[in-house]
Amino acid sequence: MKTVAIQNWKFLQGYPLETLAQVEQMLADERVGTWLQHKYPQAHGLRTDRALYDYVQALKQEHLRGAEPLSKVVFDSKLQIVQHALGTHTNIARVQGSKLKAKREIRIAALFKDAPEPFLRMIAVHELAHLREREHNRAFYQLCAHMESDYQQLEFEVRLYLTHLDHGGVQLWKLPLGSL
């Protein structure tokens, strides 16, 4: 088997060398984009923050009924993929009179506005899991897998897509202006 050149695999750190060698070959042959588009032919079509909120609320209702409510779910153009943030879950505490009000928000990188629905679901499940588990520990990933049985595969494919973009690949599911 071909040995993998030591590269900065910032989105694929921790994966086995055999997997990295396959990714490296696919990148060299410019097959990553074609493979992803074949597996996921179209974007999800959720265009507004309201539609995203409803989508995430439905997932929350299905899997985490007893979790604290979400006050906001939005696509965020300020989230930078280079900071390894595909989405964020935040608690915002505000003092109102003599009470402390806590609000929970989920922000998903705007890149996922033009992505396949399984990719969006993986990010949403990840951020929802933070309602119960703050750390990325075993219990966190078990909860993610409970909410989305293909979580690990989807996470890998999202990371593969980000690697494709990082190596100069084009955004695959970008809708042309005026197509909706």
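Remarks
- Of the GluC sites (Glu not before Pro) found in the stretch 95-176, the ones in coil according to DSSP and having at most 15 other Cβ atoms within 10 Å of their Cβ are 133, 135.
- Residues of the chain: accessible area per residue with a 1.4 Å probe, Å²: 59
- The chain, relative contact order [Cα under 8 Å, separation at least 6], %: 25
- Listed peptides 118-125, 56-63 appear in the order 118-125, 56-63 once ranked by packing, highest mean of other Cβ atoms within 10 Å at the front.
The values are calculated or read from the model by the stated rules, or taken from the named source; none is laboratory data. Predicted model, so just to flag it, every value in this text is computed and none were measured. Note: ideal-geometry Cβ built from the backbone for every residue, glycine included; neighbour counts use all protein chains shown. Heads up: the accessible areas ignore ligands, DNA and RNA and are worked out on the full protein's heavy atoms, side chains in. Shrake-Rupley method; radii C 1.70, N 1.55, O 1.52, S 1.80 Å.
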